[in-house]
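Below you'll find the structure, written out as structure tokens, and then a few comments.
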Amino acid sequence: MSQPVARHPILDFLALFLSAVLSPFLCVPYFCVVFARATARSDSEFYLLAGLTVLLSVGVPAAYISWQVYQGKITDIHVRLREQRQGPFRAGMAGLGAQMLLLWAIGGPARLMHLSGLMFAQSFLFEMISRTWKISMHTSVLAACLAGCIELAGWSTSCLLTIIPLCWARQYRGRHTWGQAFGGAALSYGLTVYPLRWLA
């Protein structure tokens, strides 16, 4: 774990702001809507897909973590302690697995099902990595979502620059090292964008 650098009120606020706004709990719902809009074949399907993906990809792990924090079994909503991450990972796996199955059951758009399946598969890998190394889930999730936007919604690759300030924020706040932040982003991006291109 890195140590926080010398503190400065403005930098403190900026790092906290970036960590909060680009946290999985806030950015994933936004990206779910983007993915739904990019793949939906009608307005009614868009609303269905957006609601389903937000509920299962974010709602399930958020509900689990909130309950565990309330019970005192997890220290905080961001799950800063590596040894407390196994339960939240499994809740996320359950949500993503259910999402993948429901998308298949309702005949959802193929590209969205591909992305959902990749996210589900990655959750197992990141859970295993987190047993021994505190890889950054903030940067990993953001990178995977941006990869999805590039492939499904036609976003410019310049959107990946967003990852740099988030890596800085996580390192500045002492939550991760630069390696944990950039490593998570690079791994997640590669495991999302290239399989999506292969499956296209």
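Here the sum of -39500 (n - 2.57) over DSSP H runs of 4 or more residues, divided by the residues of the chain, equals -23500 deg cm²/dmol at 222 nm, to the nearest 500. Across region 172-186, rounded Karplus estimates of 3J(HN,Hα) from the backbone phi angles (6.51 cos²θ - 1.76 cosθ + 1.60, θ = phi - 60°) give 4, 7, x, 7, 8, 7, 4, x, 5, 6, 5, x, x, 5, 5 Hz, Gly and Pro being marked x.
Using a probe of 1.4 angstrom, how much of the accessible area of the chain is carbon and sulfur, in percent? Before the final figure, lay out the partial values.
On the way: 6720 of 9750 Å².
Heavy-atom surface of the chain belonging to carbon and sulfur, 1.4 Å probe: 69 percent.
Return the ratio Rg/(2.2 N^0.38 Å) for region 60-115, where Rg is computed over Cα atoms only. Relative to the rule-of-thumb radius for its length, region 60-115 sits at 1.39. Return the label of the correct value of Rg/Rh (Cα atoms, Kirkwood Rh), as calculated from the structure shown, out of [x] 1.15; [y] 0.97; [z] 1.04. Working out Rg/Rh (Cα atoms, Kirkwood Rh) from the coordinates points to [y].
The label point for Trp67 and the one for Cys159, both projected 7 Å from the Cα toward the Cβ, are 3.3 nm apart.
Subtracting the Cα-Cα distance of Leu125 and Ser42 from their residue separation scaled by 0.36 nm leaves 26.5 nm. For region 55-194, the solvent-accessible area works out to 44 Å² per residue, with a probe of 1.4 Å and every protein chain left in place.
The values are calculated or read from the model by the stated rules, or taken from the named source; none is laboratory data. This is a predicted model, so every value here is computed, not measured. Methodologically, a virtual Cβ is constructed for each residue, glycine included, from the backbone with ideal geometry; neighbour enumeration extends over all protein chains shown. We work out accessible area using only protein heavy atoms, side chains counted, and drop any ligands, DNA or RNA first. Shrake-Rupley method; radii C 1.70, N 1.55, O 1.52, S 1.80 Å.
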